[in-house]
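Okay, structure first, notes after.
The values are calculated or read from the model by the stated rules, or taken from the named source; none is laboratory data. Please read all numbers here as calculations on a predicted model, not as lab measurements. Because the Cβ atoms are built from the backbone with ideal geometry, glycine has one as well, and the counts that use them run over all protein chains shown. Only protein heavy atoms, including side chains, enter the accessible area calculation; ligands, DNA and RNA are left aside. Shrake-Rupley method; radii C 1.70, N 1.55, O 1.52, S 1.80 Å.
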Amino acid sequence: MVSDLFQALWDFLFPAHCPLCHKYVKNKGDWCETCLRQVCQPTRLPVPAPMQPVAGSAWALCLYRGGMRDLLRRLKYRRQQSALPYIHRLLAAADADKGIAALLAWSEVAVPVPLHASRERLRGFNQSEQIFAVWLQVHGVPMVRALQRVKATLPMYELTPEQRRENLKGAFAVCAAASLAGKHVLLVDDILTTGATLGACAREIKRAGAAEVRVLVLASDHRC
Ligand SMILES: [Zn+2]
């Protein structure tokens, strides 16, 4: 009773709104139709050079700009779990895309790009798992933490391609090879930028005996 009243008061003070244009919407986590259509644009990307030839294909659910950049920053750097329902709603909207539906049907197991244990302790969670786990479960794709980040790497954004390769050398190791052998593996991450990290992960998964690796990210800054 008290909690119902509190909820009613809370909803009155903070009504649900679209994360982009702030228009009122029915439920928390909803987008307005216009913004959802604008942001959710599942795309098959050209496979970036660092991911070749180990990744069979690469897909992004939206472009990394504007509203999506803010939501991801809220989740990753300000640890605001309140950003998650919006992201989950966006994933659900991607179900209607034929390419994504085929990718999910193809996938036998999903592997998130891991954080180094010290970073995960600091943040309290792995954002790629939080973004994708429930949605993949709904589609019958189990998520396995088959990769470990065994080396604390430097932030990539200021490094040259050469330094990136060096930085990632020996950074990842497979810890659940049995779950990958002979499988169609979907490698998932929040953002695709240069593809260096995803390429290093895909390489380890292939080395562990996976039949094929495809990559799915929430957002990509590629223009296609
Ligand atoms: Zn909107």
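Can you return the aspartates and glutamates within cross-link range of K76? Criterion is Cα-Cα under 15 Å, with same-chain partners fewer than 8 residues away left out.
E120, E129, D189, D190
Tell me the label-point distance for the pair D4, H139, using the 7 Å Cα-to-Cβ offset, in nm and rounded to one decimal.
For the pair D4/H139, the computed spacing is 3.9 nm.
Compare N126, N167, N27 in a GNM of the chain, Cα atoms joined below 10 Å, and give the one with the largest fluctuation.
Maximum among the listed residues: N27.
Ordering D190, D95 from largest to smallest accessible area (1.4 angstrom probe), what's the sequence? Mind showing how you got there, number by number?
On the way: D190 5, D95 65 Å².
Largest to smallest exposure gives the sequence D95, D190.
What's the carbon and sulfur percent of the stretch 100-208's accessible surface, probe 1.4 angstrom, rounded to a whole number?
Working: 2820 of 5120 Å².
The nonpolar share, carbon plus sulfur, comes to 55 percent.
Starting from the residue with the highest accessible area, list R214, R123, R207, R73 in decreasing order, probe 1.4 Å.
On the way: R214 60, R123 25, R207 170, R73 110 Å².
The ordering from most to least exposed comes out as R207, R73, R214, R123.
Computed on alpha carbon atoms, what radius of gyration and Dmax characterise the stretch 77-150, expressed in Å?
13.5, 39
Of the cross-linked pairs K98/K206; K98/K151; K26/K183; K98/K169, which ones have a Cα-Cα span greater than 30 Å in the structure shown? Show your work: numbers first, answer last.
Numbers: K98/K206 26 Å; K98/K151 38 Å; K26/K183 41 Å; K98/K169 36 Å.
Listed pairs above 30 Å: K98/K151; K26/K183; K98/K169.
Quick check on the stretch 41-220: what does the Kirkwood estimate of hydrodynamic radius come out to from the alpha carbon pairs, in Å?
Taking every pair of different Cα atoms in the stretch 41-220, averaging 1/r and inverting gives 16.3 Å.
Which percent, to the nearest 5, of DSSP beta bridges fully inside the chain are antiparallel? Write down the numbers at each step before the final one.
Working: 8 of 28 bridges.
Approximately 30 percent, going by the DSSP bridge assignments.
Accessible area of R74, 1.4 Å probe, to the nearest 10 Å²?
60 Å²
Highest GNM mean-square fluctuation, the chain, Cα pairs closer than 10 Å: which of M68, M156, M51?
M156
Most fluctuating residue of L186, L36, L61 in a GNM of the chain with Cα springs under 10 Å: which is it?
L36
Going by amide H atoms built from the backbone, whose H comes under 5 Å of the H on A110, apart from near neighbours?
Here M143, V144, L186 satisfy the definition.
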